[in-house]
Amino acid sequence: MKRYLPPTLRVLLGLVFLGANLAPLLMGMQPPPGYPPDALAFSEALMKSGYLTYLVMAVEVVSAVLLLLNLWTPLVLVVLAPVTLNILLFHVFLTPKILVTIGGLGILVFVLNVALLWLYRGHYRHMLTRRARLD
């Protein structure tokens, strides 16, 4: 089980992020029908920033490719942690009525990321040192 679970979850997370970022590029960045006004306003604010949406998309695509290639997986999981938390909180607070449908993907990426962080927890031991010293 432990032999197949991490690679399966890693590839699934990579595919979800890759697909979620390629779909808007191929079909246009239009929100799904029935999106709540607060969620639309938040999304529009990110787009109007001029850079943030594209930065997040770039981080997600690069991270997806690295996950699929199994390169720097522990680092990629740490980079994706705030992204997946924000996706989860976006859906919990701004799209609660459609949380199970559209927000289900947000829940999935958060759970996958947390599960993978747990499975790779041995790689973070030194990073979580309380009082780090320089040698």
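Structure summary
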item: Candidate set from the range 23-42 (those that are free of Cβ contacts under 8 Å to residues at least 24 places away in the same chain and more than 30 Å from L69 (Cβ to Cβ)); member that is most open to solvent (accessible area, probe 1.4 Å); result: Q30
item: Filter result (among the charged types (D, E, K, R) and open to solvent by 30 Å² or more (accessible area, probe 1.4 Å)) within the range 1-11; result: K2, R3
item: In the range 100-114, residue farthest from the chain's Cα centre (by Cα) [restricted to those that are buried (at least 16 other Cβ atoms within 10 Å of the Cβ) and among the hydrophobic types (A, V, I, L, M, F, W, C)]; result: I102
item: Lone unmet requirement of (1) farther than 15 Å from G14 by Cβ; (2) in a helix (DSSP H, G or I); (3) open to solvent by 70 Å² or more (accessible area, probe 1.4 Å) for G122; result: (3)
item: Test set (1) in contact with a Leu (Cβ under 6 Å, 6 or more places away or on another chain); (2) closer than 22 Å to L22 by Cα - L116 fails condition number; result: (2)
item: Residue under evaluation R133, criteria (1) among the charged types (D, E, K, R); (2) without any contact (Cβ under 8 Å) to a residue 12 or more places away in the chain; (3) assigned to a helix (DSSP H, G or I), criterion not met; result: (3)
item: Output for the range 12-22, where each listed residue is of a type in the set (V, I, T) and open to solvent by 50 Å² or more (accessible area, probe 1.4 Å); result: none
item: Every residue from the range 97-130 that is in contact (Cβ under 8 Å) with a residue 60 or more places away in the chain and not aliphatic (A, V, I, L, M); result: K97, N113, Y120
item: The range 59-73, residues that are open to solvent by 30 Å² or more (accessible area, probe 1.4 Å) and free of Cβ contacts under 8 Å to residues at least 60 places away in the same chain; result: V59, V61, V62, V65, L66, L68, L69, L71, W72
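The values are calculated or read from the model by the stated rules, or taken from the named source; none is laboratory data. Bear in mind the structure is a predicted one, so any value in this text is a computation, not a measurement. A quick note on method: Cβ atoms are made from the backbone with ideal geometry, for glycine too, and the neighbour counts reach across all protein chains shown. Heavy atoms of the whole protein, side chains included, go into the accessibility calculation; ligands, DNA and RNA do not. Shrake-Rupley method; radii C 1.70, N 1.55, O 1.52, S 1.80 Å.
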